[in-house]
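The values are calculated or read from the model by the stated rules, or taken from the named source; none is laboratory data. Keep in mind that what you see is a predicted model, and the values were worked out from it rather than measured. All Cβ positions, glycine included, derive from the backbone under ideal geometry; neighbour counts span all protein chains shown. Ligands, DNA and RNA are excluded from the accessible area calculation, which covers all protein heavy atoms including side chains. Shrake-Rupley method; radii C 1.70, N 1.55, O 1.52, S 1.80 Å.
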Amino acid sequence: MPFLGQDWRSPGWRWVKTEDGWKRCESFSPALEDGNNRLNDISHTVIITGDGEDEEIYGTEDCEFAAKKRKKDHFRNNTDSQCFYREKWIYVHKESTKERHGYCTLGEAFNRLDFSSAIQDIRRFNYVVKLLQLIAKSQLTSLSGAAQKNYFNILDKIVRKVMEDQYNPRLIKDLLQDLSSTLCILIRGVGKSVLVGNINIWICRLETILLWQQQLKNLQMNKQVNNGLTLSDLPLHMLNNILYRFSDGWDIITLGQVTPTLYMLSEDRQLWKKLCQYHFAEKQFCRHLILSEKGHIDWKLMYFALQKYYPIKEQYGDTLHFCRHCSILFWKDTGHPCTASDPDTCLMPVSPQHFIDLFKF
């Protein structure tokens, strides 16, 4: 990908996608730019300091230094937003080149891809939670101090969202369980493994995780008061179609606990057979046949048995994408400044495991 900066050593200008195409982003904020412009206008101005006793003349270089310092102070004091990048994509490179120095890390990806905002999107929520769960299992010790802070900030926002919206608490419970198990092992084996940060900080984080688990355990679902059409009022064929749309067996069981009618539909053998055929190959469930008392295949038990031996297919409303032409990782709806003649042919969806593999060195 060409770098459009003024200097070949520069990573390039920042670009923002508009209705008219990609436009160069000149500054981070209008207020900051106005302040810098006013500061740059006084290239050779006499500034009186004190009670008129001393005078100092600030030249152009001094003003440029002051402008840069204003930008640093602006981002350092801006505690409301965790990330100040406008573009939500990152160039994935694993070695130094003349265009870029060093390599990208997980911590940098957390910021550039704006996971804090991604969890507010229902299409991306499950994707981000699964990603954090994989990091908790295998990559926790490789996180830098900044990446750890971002990781637990995102985790805190996820827990808050679940507590407020009661959205998919089972998923976050599994994440916290894996994270607490990993932390217990790392803390007990301190000194034997590389754990970035003070041990007391990790103990505090473990205590916070245990508190979150207790809060989720005591979570009470709010009853919806609705005098209109409810799920129970739908005809049987529509309820059956809803169950056939689910790709997770636990979701089917949970929905089956709502009403006796849904329970009857959730126990359908054909439903569980379709679910097994979707996630697993015939060779796999032929090795683990489970028969019922009547001699028929118990597809429901087969599903949960196979789940222990083989990974199930992952389904997400929205995923990150990788451009093979530009080596850029991005959310598909935000796009990136691609230079390929046909960008759609270069795109590749990235699973949570593939995302972690991209940052292994």
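Checked across segment 316-331, the condition of being touching a Lys or Arg at 6+ places or on another chain (Cβ under 9 Å), open to solvent by 10 Å² or more (accessible area, probe 1.4 Å), over 22 Å from S138 (Cα atoms) and among the β-branched types (V, I, T) holds for no residue.
Please determine, by comparing only the residues of segment 94-120 that are of a type outside the set (D, E, K, R) and modelled with pLDDT of 80 or more, which one is surrounded by the fewest Cβ atoms within 10 Å (Cβ to Cβ). So, considering only residues that are of a type outside the set (D, E, K, R) and modelled with pLDDT of 80 or more, the one surrounded by the fewest Cβ atoms within 10 Å (Cβ to Cβ) is Q120.
Within segment 269-289, residues that are open to solvent by less than 50 Å² (accessible area, probe 1.4 Å) reach partners that are among the basic types (K, R) with beta carbons closer than 6 Å, at six or more positions or on different chains, in the pairs W272/K300; H279/K313. Among the conditions (1) surrounded by fewer than 18 Cβ atoms within 10 Å (Cβ to Cβ); (2) within 21 Å of W250 (Cβ to Cβ); (3) in contact with a helix residue (DSSP H, G or I) (Cβ under 9 Å, 6 or more places away or on another chain); (4) of a type outside the set (K, R), Q166 misses just one, which is (3).
Looking only at segment 290-302, count every residue that is open to solvent by less than 80 Å² (accessible area, probe 1.4 Å) and either on the phi > 0 side of the Ramachandran plot or not in a strand (DSSP E or B) (or both) and tell me the total.
Taking segment 290-302 first, the residues open to solvent by less than 80 Å² (accessible area, probe 1.4 Å) are 290, 292, 295, 297-300, 302.
After this cut, where a residue has to be either on the phi > 0 side of the Ramachandran plot or not in a strand (DSSP E or B) (or both) as well, the list is 290, 292, 295, 298-300, 302.
Total satisfying the criteria: 7.
Considering (1) surrounded by fewer than 16 Cβ atoms within 10 Å (Cβ to Cβ); (2) at pLDDT 80 or above; (3) more than 16 Å from the chain's Cα centre (by Cα), the lone condition that L183 does not fulfil carries the number (1). Looking across segment 254-268, the residues that are part of a helix (DSSP H, G or I) and exposed (fewer than 15 other Cβ atoms within 10 Å of the Cβ) come down to T254, P260, T261, Y263, M264.
Quick one: would you say H325 is over 15 Å from A109 (Cα atoms) and assigned by the TED database to the domain that holds Q270? When the stated conditions are applied, H325 does not pass them. Looking across segment 121-158, just one residue is without any contact (Cβ under 8 Å) to a residue 40 or more places away in the chain, open to solvent by 40 Å² or more (accessible area, probe 1.4 Å) and more than 17 Å from L183 (Cα to Cα), and that is A146. Figure legend. Inter-residue proximity from segment 224-252: first residues more than 15 Å from H279 (Cβ to Cβ) and open to solvent by 70 Å² or more (accessible area, probe 1.4 Å), second residues of a type in the set (S, T, Y) and modelled with pLDDT under 85, beta-carbon distance below 9 Å, spacing 6+ or different chains. Indicated pairs: Q224/T230.
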